[in-house]
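To keep things clear, I will list the structure first and then write my remarks on it.
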Amino acid sequence: FLYFLSNAIFMFPMLGIGLLISSLSKNQVQAVYLLTFILLNLIMLSTMFTHLSSMPAWARILRFINPIYFNLETSRLIAFKGVEFAKVITEQISMIILGLIVTGAALFKMKRSPSLW
């Protein structure tokens, strides 16, 4: 149950990123290019393929604005170590805050440009 709950929380910032991309792009092709560029960077900086110690300092700092990093850390803790919710509450709160920031930015951008409606 905890794994499904953490993945449901992970969807919130990712849907916010999608909403922000759709509000920034003018057509569907531009949205696909933006999505590819952003998701490739998020995946490469999420410690999925490289260990954190082999990353440069700027990449270590950027991991805190990456929802994929938080989801991977939570998934590793739940699946491999079997931790309870109290141990992963900081990652969940970070994903919720990140989702609120990204979704708020997307809604602010949509509010400022009425031509998208």
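Enter the angle in degrees (range 0 to 90, nearest 10) between the Cα long axis of helix 28-44 and the first principal axis of the Cα atoms of the chain, meaning the one along which they spread out most.
20 degrees
Between Ser75, Ser22, Ser54, where does the largest GNM mean-square fluctuation fall for the chain, given springs only between Cα atoms within less than 10 Å?
Among Ser75, Ser22, Ser54, the largest GNM mean-square fluctuation belongs to Ser54.
How far, in degrees from 0 to 90, does helix 2-24 lean away from the longest principal axis of the Cα atoms of the chain, to the nearest 10?
The two axes meet at around 20 degrees.
Just checking my list (i) 1.16; (ii) 1.42; (iii) 0.94 against Cα Rg over 2.2 N^0.38 Å computed from this structure; which label fits?
Entry (i).
When the helices in the chain are scored as -39500 (n - 2.57) per DSSP H run of 4 or longer and the sum is shared across all residues, what 222 nm value do you end up with, to the nearest 500 deg cm²/dmol?
Computed ellipticity for the chain at 222 nm equals -22500 deg cm²/dmol.
Taking the alpha-carbon distance from Lys111 and a cut-off under 23 Å, which lysines remain once sequence neighbours fewer than 8 residues away in the same chain are dropped?
Lys26
So how tilted is helix 89-112 from the main axis of the chain? Cα-based, degrees 0 to 90, rounded to 10.
0 degrees
A short reminder: the numbers here are calculations on the coordinates, not readings from a lab. Worth saying up front: this structure is predicted, and the values here are computed from it rather than measured.
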